[in-house]
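These notes concern the structure reproduced below.
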Amino acid sequence: MPELPQYLYMELADRIAAEIRAGQPPVGGRLPGEREMTEIYGVSIGTVRRAVAELRTRGLVATLPIKGTYVIASEPADKDGE
């Protein structure tokens, strides 16, 4: 069965999650700002915002207003363990 296409923000979230698993940035490290991420990944700011929201849902990052978005885990939260 062919794989269904994914939304661009989900592809970006998966890419950033893979970078986090590889330690870039490490747990406790800060993600680049939204505007910088648009340049790094070549996507719109809306796509970046949705991808970061997805990473928060996965339990990988936390956003502190004005401060930025920080890595809080290198692996997604275990949904079964909740």
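Quick check on my filter: what residues within the stretch 1-30 are in a helix (DSSP H, G or I) and among the charged types (D, E, K, R)?
Filtering the stretch 1-30 down to residues in a helix (DSSP H, G or I) leaves 8-21.
Listed by number, the residues that qualify are E11, D14, R15, E19, R21.
For the stretch 28-62, a residue qualifies if it is touching a Leu at 6+ places or on another chain (Cβ under 9 Å) and either surrounded by 15 or more Cβ atoms within 10 Å (Cβ to Cβ) or under 14 Å from D14 (Cα atoms) (or both), and the qualifying residues are L31, M37, Y41, V43, T47, V48, R50, A51, V52, E54, L55, V61. For the stretch 31-81, a residue qualifies if it is of a type outside the set (A, V, I, L, M), assigned to a loop (DSSP other than H, G, I, E, B) and under 17 Å from E19 (Cα atoms), and the qualifying residues are P32, G33, G42, R58, G59, S74, E75, P76.
In the set G68, G42, which member is on the phi > 0 side of the Ramachandran plot and without any contact (Cβ under 8 Å) to a residue 24 or more places away in the chain?
Details: G68 fails: without any contact (Cβ under 8 Å) to a residue 24 or more places away in the chain.
Answer to the check: G42.
Any chance you could count how many residues in the stretch 4-34 are over 22 Å from K67 (Cβ atoms) and either of a type in the set (F, W, Y) or in contact (Cβ under 8 Å) with a residue 12 or more places away in the chain (or both)? Selection size over the stretch 4-34: 6. Scan the stretch 49-63 residue by residue and report those that are touching a Phe, Trp or Tyr at 6+ places or on another chain (Cβ under 7 Å) and not basic (K, R). If the condition is that a residue be touching a Phe, Trp or Tyr at 6+ places or on another chain (Cβ under 7 Å) and not basic (K, R), then A51, E54, V61, A62 are the ones that fit. In the stretch 16-38, the residue that is farthest from the chain's Cα centre (by Cα) out of those that are over 18 Å from A73 (Cβ atoms) and acidic (D, E) is E36.
Looking only at the stretch 1-10, filter to residues that are more than 10 Å from the chain's Cα centre (by Cα) and under 19 Å from I45 (Cβ atoms); which one of those is surrounded by the fewest Cβ atoms within 10 Å (Cβ to Cβ)? I'd like the intermediate steps shown before the answer.
First, the residues of the stretch 1-10 that are more than 10 Å from the chain's Cα centre (by Cα): 1-8.
Right, trim to under 19 Å from I45 (Cβ atoms) and you get 7-8.
Values: Y7: 12, L8: 15.
Among those residues, the one meeting the criterion is Y7.
Laboratory data are not the source of any read-out in this text; all were calculated from the coordinates shown. Every value quoted in this text rests on a predicted model; they were computed, and no experiment measured them. Don't worry about glycine lacking a Cβ; one is built from the backbone with ideal geometry, like all the others, and counts go over all protein chains shown.
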